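Structure, as structure tokens:
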Amino acid sequence: MRNEHHNNNCVTQGTVDSTYAWTRLVLALVLSTIGGVGMWSVVVALPPVQAEFGVARADASLPYTLTMIGYGLSGILMGRLSDRFGIMVPVMGGTVALALGYVMAASASNIWQFTLVQGLLIGVGSSATFAPLLADTSLWFIRRRGIAVAIFASGNYLAGTVWPPIVQHFIESAGWRHTYFGIGVFCVATMLPLALLLRKRLPAAGQAAEGAPVTSWSPRPLGLSPGTLQALLVIAPLSCCVAMSMPQVHLVAYCGDLGYGAARGTQMLSLMLACGIVSRLAFGWICDRIGGLRTLLLGSSLQALALLLFLPFDGLVSLYLISALFGLFQGGIVPSYAIIVREHFPPNEAGARVGTVMMASLFGMALGGWLSGAIFDWTGSYNAAFVNGSLWNLLTIAIAFWLLRRQRNPGLS
């Protein structure tokens, strides 16, 4: 009788949209905020690392580039591990890699050792706290999946808000090597216990019991082969993130060119990221009501509009307002892809497929940041870069519109 009662309690605590599901969401959000240090610490450490190793700015920027590549590519592997073994395994493995990376980076004797450790350990380890956890969070919600995914996805922005000033403080007081070593110790001490709390897996029967429509997991989602739909869900985020990266990467430089100074640009960027958190929560609420594809179409269209507003308006007040609008418009786009995956693919494929989509979005950010700089070098102005971003955005809009038509009528060619 005791065992039967215990088993029933486990099933009750593990059902979707339950109190336990919301508790997991909070744990995942904390893990994402802590693990997100891997994306931001290298940016803050760039000047002292460059000074100590005596390298050019281009060489000192390589650790960030390799970190983003490692972050993107390993998201797929971490997602597959999550699909097979549950989320605890990739998060614990990622934590160990992250901690080892920071400890080894603190002992690096040249820029190349530092760069390799950033990409192969810190980037890989940090990736376990985004795409796999995003996919896992989506499994535990049906009625409130949109807002739950949006809340979790805010952890990426929270990390960008919290970590840079902390890292900067300790670099100034103790040096970058001691700071990196301390981050590694902190990650092990906090993330491993949190990962253990996520060891429970949602029973397959529990998913079906909540009434998830079987047709959503058709062998031909939206009348397409799974590979075709996945390919479109790679092109769309890559395109929209090429557009998204233009103001996020170059806004500070743009303000400097206009004569407003880097400090004003930094304030605008912070305002944009803060509005991005609000946007993710608002679009999550919207997504629960209109679905992933409509949310993607809405967010992409608004982002394209905000990009075009940068062209006629370059006054100081105007740029603050447009930066806020851009943050409000674009924050919900990336989480909508996780919702689309969950709406049209089986739950046991969520980790790998969401990881693939997030990889494409990261590559889009990397490509867009470089492309906007190259366009500026070619033209001497950012105007063409804003237009370029809007054109990339049109590709995402076209894909979202076409898929939405197929959702209404899968027989369309």
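The values are calculated or read from the model by the stated rules, or taken from the named source; none is laboratory data. Small disclaimer: the values here were computed from a predicted structure and weren't measured. Reconstructed Cβ throughout: ideal geometry from the backbone, glycine too, with neighbour counts over all protein chains shown. Surface areas here come from the heavy atoms of the whole protein model, side chains and all, with no ligands, DNA or RNA. Shrake-Rupley method; radii C 1.70, N 1.55, O 1.52, S 1.80 Å.
Contact map, the range 336-361: first residue modelled with pLDDT of 85 or more, second residue of a type in the set (D, E, K, R), Cβ cut-off under 6 Å, separation 6 or more or different chains; pairs are 341/353; 345/353. Just one of the listed residues (129, 137, 95) is hydroxyl-bearing (Ser, Thr, Tyr), in contact with a Cys (Cβ under 8 Å, 6 or more places away or on another chain) and on the phi < 0 side of the Ramachandran plot, and it is 95. In this structure, residue 42 does satisfy being under 30 Å from residue 197 (Cα atoms), among the hydrophobic types (A, V, I, L, M, F, W, C), surrounded by 18 or more Cβ atoms within 10 Å (Cβ to Cβ) and touching a residue at least 12 places away in the same chain (Cβ under 8 Å). Restricting attention to the range 370-384, the residues that are crowded, with 20+ Cβ neighbours inside 10 Å and out of contact with any His (no Cβ under 6 Å at 6 or more places or on another chain) add up to 2. If the condition is being in contact (Cβ under 8 Å) with a residue 60 or more places away in the chain and either surrounded by 24 or more Cβ atoms within 10 Å (Cβ to Cβ) or among the aromatic types (Phe, Trp, Tyr) (or both), then the range 279-291 contributes 280, 283, 284, 285, 287. When 251, 296, 308, 319 are checked against the criterion of being open to solvent by 10 Å² or more (accessible area, probe 1.4 Å) and either in a helix (DSSP H, G or I) or within 21 Å of residue 362 (Cβ to Cβ) (or both), 308 stands alone in meeting it. All of (1) closer than 11 Å to residue 63 by Cα; (2) open to solvent by 20 Å² or more (accessible area, probe 1.4 Å) hold for residue 123 with one exception: (2). Restricting attention to the range 69-110, the residues that are without any contact (Cβ under 8 Å) to a residue 40 or more places away in the chain and of a type outside the set (D, E, K, R) total 7.
Could you list all residues from the range 150-163 that are open to solvent by 30 Å² or more (accessible area, probe 1.4 Å) and farther than 25 Å from residue 292 by Cα? Across the range 150-163, the qualifying residues are 161, 162. For residue 340, the conditions (1) open to solvent by less than 10 Å² (accessible area, probe 1.4 Å); (2) farther than 27 Å from residue 140 by Cβ are fulfilled apart from (2).
Look at the range 149-176: where a residue is more than 30 Å from residue 109 (Cβ to Cβ) and a partner is part of a loop (DSSP other than H, G, I, E, B), sitting 6+ places away or on another chain with Cβ atoms under 6 Å, you get 156/36.
Would it be correct to say that residue 129 is within 28 Å of residue 276 (Cα to Cα), surrounded by 23 or more Cβ atoms within 10 Å (Cβ to Cβ) and touching a residue at least 24 places away in the same chain (Cβ under 8 Å)?
In short, yes.
For residues that are in a loop (DSSP other than H, G, I, E, B) and β-branched (Val, Ile, Thr), scanning just the range 120-168, find the one that is modelled with the lowest pLDDT. Ranking the qualifying residues of the range 120-168, first place goes to 142. Could you list, in sequence order, all residues of the range 51-68 that are more than 20 Å from residue 135 (Cα to Cα), of a type outside the set (Ser, Thr, Tyr), part of a helix (DSSP H, G or I) and in contact (Cβ under 8 Å) with a residue 24 or more places away in the chain? 52, 53, 59, 60, 62, 63, 66, listed by residue number.
Does residue 89 satisfy the condition of being part of a helix (DSSP H, G or I), of a type in the set (Val, Ile, Thr) and under 24 Å from residue 172 (Cβ atoms)?
no
If the condition is being hydroxyl-bearing (Ser, Thr, Tyr) and either farther than 24 Å from residue 47 by Cα or in contact with a helix residue (DSSP H, G or I) (Cβ under 8 Å, 6 or more places away or on another chain) (or both), then the range 81-116 contributes 82, 95, 102, 107, 115.
Among the residues of the range 218-236, the ones that are open to solvent by 50 Å² or more (accessible area, probe 1.4 Å) and touching a residue at least 12 places away in the same chain (Cβ under 8 Å) come to 2 in all.
Taken over the range 62-78, the residue count meeting the criterion of being open to solvent by less than 20 Å² (accessible area, probe 1.4 Å) and either over 17 Å from the mean Cα position of the chain (by Cα) or farther than 25 Å from residue 115 by Cβ (or both) is 1.
Criterion first (hydrophobic (A, V, I, L, M, F, W, C), surrounded by 23 or more Cβ atoms within 10 Å (Cβ to Cβ) and modelled with pLDDT under 90) does residue 117 satisfy it? Taking the combined requirement at face value, the residue does not satisfy it. In the range 391-402, the residues that are free of Cβ contacts under 8 Å to residues at least 60 places away in the same chain form no Cβ pair under 8 Å with any partner that is open to solvent by 20 Å² or more (accessible area, probe 1.4 Å) and part of a helix (DSSP H, G or I), whether six or more places apart or across chains.
Restricting the range 362-380 to residues that are in a helix (DSSP H, G or I) and free of Cβ contacts under 8 Å to residues at least 40 places away in the same chain, which is nearest to residue 149 (Cα to Cα)? Across the range 362-380, the extreme among qualifying residues is 370.
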